[in-house]
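The next block holds one structure in the form of structure tokens; read it before the comments.
The values are calculated or read from the model by the stated rules, or taken from the named source; none is laboratory data. Note that the structure is a prediction, hence the values are computed from the model and not measured. Virtual Cβ from ideal backbone geometry, glycine too; neighbours counted across all protein chains shown. Just the protein is used for accessible areas: all its heavy atoms, side chains included, with ligands, DNA and RNA removed. Shrake-Rupley method; radii C 1.70, N 1.55, O 1.52, S 1.80 Å.
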Amino acid sequence: MKHKKSIVALAVLVVLAAGSVAAYTLNGDHGNQTSSKSEKSQSSSSSLKDLPKGVKSTDWDLTLVNKWHPLSSEMNFDKVSVSGKVVDARIKQAVLDFQNGARAAGYQTVLVSGYRSIQYQQEVFDNVKKNDMAEGMTDAQAEKATKAVVQEPGSSEHHTGLAIDIAGSDAFEKYPSLEANMDTFDSQKWLIDHAADYGFVLRYPEAKSKIKETGIDYESWHFRYVGVKNAKYMVKHNLTLEAYVKALKEAGR
Ligand SMILES: [Zn+2]
């Protein structure tokens, strides 16, 4: 049993590493692309006058984790398993509803990833770095190269249990290592277009201005639970979580 477990863990590592390489390639492409979609009008946070009532920047579902706000220790929350992945117990029903909604619209989905501990992220990081060094990089070179493709331990939103990687089954079959252009599939488009109805937002949008705010390249598969009220507001005003939390803070919330 122990042996089987380690094989599964290794497989996950390989998938993650592959995903990272894909993200890196994409990163390289970005400079040449004119962003075609969703570089819509930007609402500056100071123009937001109708922030949802009762919402505070310190609410559990608005927890902000990114490379500028890393966690120094593991978060404490009730964990449950849903569709074979672990998430914060408070979002289990939302994940199920999201997947059921997709199914009712004719799309099967795969929950690819949920909660990841800081320790696990450290293992992923160390593994990618070790591979780079095995291919001849110095320690410093490998550290830098790894940071370009893997979230540093503590700074991955997956530590919160509120983030999920979810894909249309057909999109995932074509791109098992997760790639931005999975959004060419109707299934993935459906997930992106309907996420807010279930309390999720596409966390890392495509527009260059948004990539600057989040610090992460476009990911058509990574969704973050923020609750229906917040999600709908963020979509309406075209806000990243960074911009939304900032607006709440500026409003004294
Ligand atoms: Zn993710």
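Summary of computed values
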quantity: Any chance VAL86 is touching a residue at least 24 places away in the same chain (Cβ under 8 Å) and either under 16 Å from HIS194 (Cβ atoms) or in a helix (DSSP H, G or I) (or both); calculated: no
quantity: Residue in the range 221-232 that is within 16 Å of the ligand (Cβ to nearest atom), in contact with a strand residue (DSSP E or B) (Cβ under 9 Å, 6 or more places away or on another chain) and in a helix (DSSP H, G or I) present; calculated: no
quantity: Checking GLU173 against (1) touching a residue at least 12 places away in the same chain (Cβ under 8 Å); (2) in a helix (DSSP H, G or I), the condition it does not meet; calculated: (1)
quantity: Failed item in (1) open to solvent by 30 Å² or more (accessible area, probe 1.4 Å); (2) within 20 Å of PHE98 (Cβ to Cβ), with ASN181 passing the rest; calculated: (2)
quantity: Verdict on ASP165 being outside any loop (DSSP other than H, G, I, E, B) and more than 14 Å from the ligand (Cβ to nearest atom); calculated: no
quantity: Considering residues of the range 193-206 that are within 14 Å of the ligand (Cβ to nearest atom) and under 23 Å from LEU96 (Cβ atoms) only, the residue surrounded by the most Cβ atoms within 10 Å (Cβ to Cβ); calculated: PHE200
quantity: Members of the range 43-62 that are modelled with pLDDT of 95 or more and either of a type in the set (Lys, Arg) or in contact with a strand residue (DSSP E or B) (Cβ under 9 Å, 6 or more places away or on another chain) (or both); calculated: LYS56, TRP60, ASP61
quantity: SER209 within 17 Å of LYS67 (Cα to Cα) and more than 16 Å from the ligand (Cβ to nearest atom); calculated: yes
quantity: Of the criteria (1) under 20 Å from the mean Cα position of the chain (by Cα); (2) open to solvent by less than 70 Å² (accessible area, probe 1.4 Å), which one ASN76 fails; calculated: (2)
quantity: Residue within the range 158-173 that is under 19 Å from VAL226 (Cβ atoms) and either open to solvent by 40 Å² or more (accessible area, probe 1.4 Å) or among the small types (Gly, Ala, Ser) (or both) present; calculated: yes
quantity: Answer from GLN93, GLN141, GLN99 - the residue that is buried (at least 21 other Cβ atoms within 10 Å of the Cβ), more than 15 Å from the chain's Cα centre (by Cα) and either among the polar types (S, T, N, Q) or at pLDDT below 95 (or both); calculated: GLN99
quantity: Checklist (1) part of a helix (DSSP H, G or I); (2) among the charged types (D, E, K, R); (3) out of contact with any strand residue (DSSP E or B) (no Cβ under 9 Å at 6 or more places or on another chain); (4) open to solvent by 60 Å² or more (accessible area, probe 1.4 Å) applied to GLU152, failing item; calculated: (1)
